[in-house]
Amino acid sequence: MEKMPYHPQLDSVRPTASPTVPAPAALNWRSGLPSLTGGLVSLRELRLSDAPTLFAALTGEEVSRFISPPPHSVEGFERFIAWTHRQREAGQYICFAVIPKGSDGAIGLFQLRSLEPAFGTAEWGFAIASEFWGTGMFLDGARLVLDFAFDVIGVHRMEARSTLRNSRGNGALRKLGAVQEGILRRSLLRNGEFLDQSLWTIVAEDRREAKGVWGARVVH
Ligand SMILES: CC(C)(COP(=O)(O)OP(=O)(O)OC[C@H]1O[C@@H](n2cnc3c(N)ncnc32)[C@H](O)[C@@H]1OP(=O)(O)O)[C@@H](O)C(=O)NCCC(=O)NCCS
């Protein structure tokens, strides 16, 4: 969620549908996201009823200090959720709720947005409630999202931005095998301060080569 595009002012702006041809393997995810099931979590479309649990999960200082500010109220999360549906229908953005196995409550989000008209290059961001950090749920959900992005949507390059101070965020991306391509200087304004971010990428060839066993690499 470092630089994800939601702002309350966007609520009234109708997205324009992408004029380009959708990626070849695309299911009709624009009309609704599938549920994806892993060993520890499942991912599904956000519901308006997720707003209170997401508000509780994502607005604490520990979770939000290195990401774009989340909505400030339950109502703000409801508006955000409605916005995610409109953006998905427009084919520009996807947001999955993270649901621990055996529960129905959302404890976090994976967001994915197209950086070009047909989703070839995408940016993703994620956040989960701090009581679920270190449980393996992030990794489980991340793999589901990556499979969906590369195999269903047709992404060939996935970018993530993480502030240099965000040790867990950088550790999580490194663990997934993302490649650190460089530093985006003063690229995130947070609490009145411009922060440097790492640009992390995963490309389709990385996945094919690694077959699930990912090692950290750094290129500059
Ligand atoms: C990012 C996030 C989803 C990752 O989930 P998580 O459960 O914390 O991730 P994991 O525990 O699986 O992985 C984090 C890794 O960073 C490592 N790490 C934690 N603190 C670290 C530190 N100070 N220095 C280096 N590595 C560190 C962890 O040890 C772990 O790696 P390991 O399993 O090999 O030990 C979660 O921390 C979160 O929601 N953070 C707040 C939102 C956020 O920053 N999102 C943007 C990320 S780009």
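Quote to one decimal, in nm, the extra length available between Ala56 and Thr37 on full extension: 0.36 nm per residue of separation minus the C-alpha distance between them.
Additional length available on full extension: 4.5 nm.
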TODO: Quick one: grab Rg to one decimal and Dmax as a whole number for region 86-173, Cα atoms only, in Å.
DONE: 13.3, 37
Open item on the list: Taking amide H atoms as placed 1.01 Å from N in the peptide plane, list the residues 5 or more away in sequence, or in a different chain, whose amide H sits under 5 Å from that of Leu195.
Closed with: Ser187, Leu188, Leu189, Arg190
Task: Spacing of the two label points (7 Å from each Cα toward its C-beta) at Glu75 and Glu131, in nm - done: 2.7
Open item on the list: Run the simple label-point estimate for Asp104 and Ser187 please: 7 Å along Cα→C-beta, distance reported in nm.
Closed with: 4.0
Open item on the list: Order these by the 10 Å Cβ neighbour count, fewest first: Arg208, Arg65.
Closed with: Arg208, Arg65
- [ ] For Ser64 paired with Leu115, estimate the spin-label separation in nm (one decimal), with each label point 7 Å from Cα along the Cα-to-Cβ line.
- [x] 2.6
Task: Span from the region 42-64 Cα centroid across to the region 136-177 one, whole angstrom - done: 19
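Here, each number is a calculation from the coordinates, and none is a lab measurement. From a predicted model like this one, the values you see are computed outputs, not experimental measurements. Glycine also receives a Cβ, built like all others from the backbone with ideal geometry; neighbour counts cover every protein chain displayed.
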